[in-house]
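J.: Okay, handing you the structure first.
The values are calculated or read from the model by the stated rules, or taken from the named source; none is laboratory data. Just so we're clear, the structure is a prediction, and the values are computed from it rather than from any experiment. Cβ sites come from the backbone with ideal geometry, for glycine too, and all protein chains shown count toward neighbours. Please note that ligands, DNA and RNA were not included when accessible areas were found on the heavy atoms of the full protein model with its side chains. Shrake-Rupley method; radii C 1.70, N 1.55, O 1.52, S 1.80 Å.
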Amino acid sequence: GAAVARPPVFAPIARAIRTTPPLRGLEEFYDARHRSKAPEWTGPPGRAWEAAELRRKSFEDLHALWYVLYKEKNVLLTEAARARRNTMRLKYPQRKAAVRKSMARIKQVLAERRKTYRETPVPELPDDDDDDDDAR
């Protein structure tokens, strides 16, 4: 059959980790569209990360991605509280589910790695006693 095109990875997650100094205070918890004069991104949000994609990442990449997802989760919770206060709806409520699924899948991948590490037998080192016998 014909290959089906997959939707893009969740847009805020796919961005490179920011190397500029982090924001301080409450600005960190608001969506970037509310912090700047930049035009609002009008495209729909992307999808959650698949476990197969995460399995190909290093531990450091997973850690950085977890941090980005954690910050995004906090932004979304802040935006949801703001919307409730103003009796409004979130524009893309599925973003929360995508972040939650991605975080759960990172935990799953790390648990798989931990299980594999614990089940892998430790190779035995050669005994040094044999070398001592030859020296006598």
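J.: Among the residues of the range 66-74, is there at least one that is modelled with pLDDT of 90 or more, basic (Lys, Arg), touching a helix residue (DSSP H, G or I) at 6+ places or on another chain (Cβ under 8 Å) and in a helix (DSSP H, G or I)?
T.: yes
J.: Right, next: Using beta carbons and a limit of 6 Å, which pairs, at least six apart or on different chains, have the first residue in the range 72-93 and within 18 Å of residue 49 (Cβ to Cβ) and the second one open to solvent by less than 90 Å² (accessible area, probe 1.4 Å) and assigned to a loop (DSSP other than H, G, I, E, B)?
T.: Once the first residue is within 18 Å of residue 49 (Cβ to Cβ) and sits in the range 72-93, its partners that are open to solvent by less than 90 Å² (accessible area, probe 1.4 Å) and assigned to a loop (DSSP other than H, G, I, E, B) give 75/31; 92/45.
For (1) in contact with an Asp or Glu (Cβ under 8 Å, 6 or more places away or on another chain); (2) among the aromatic types (Phe, Trp, Tyr), each residue gets a yes or a no:
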residue	(1), (2)
49	no, yes
52	no, no
69	no, no
72	no, no
75	yes, no
83	no, no
92	no, yes
105	yes, no
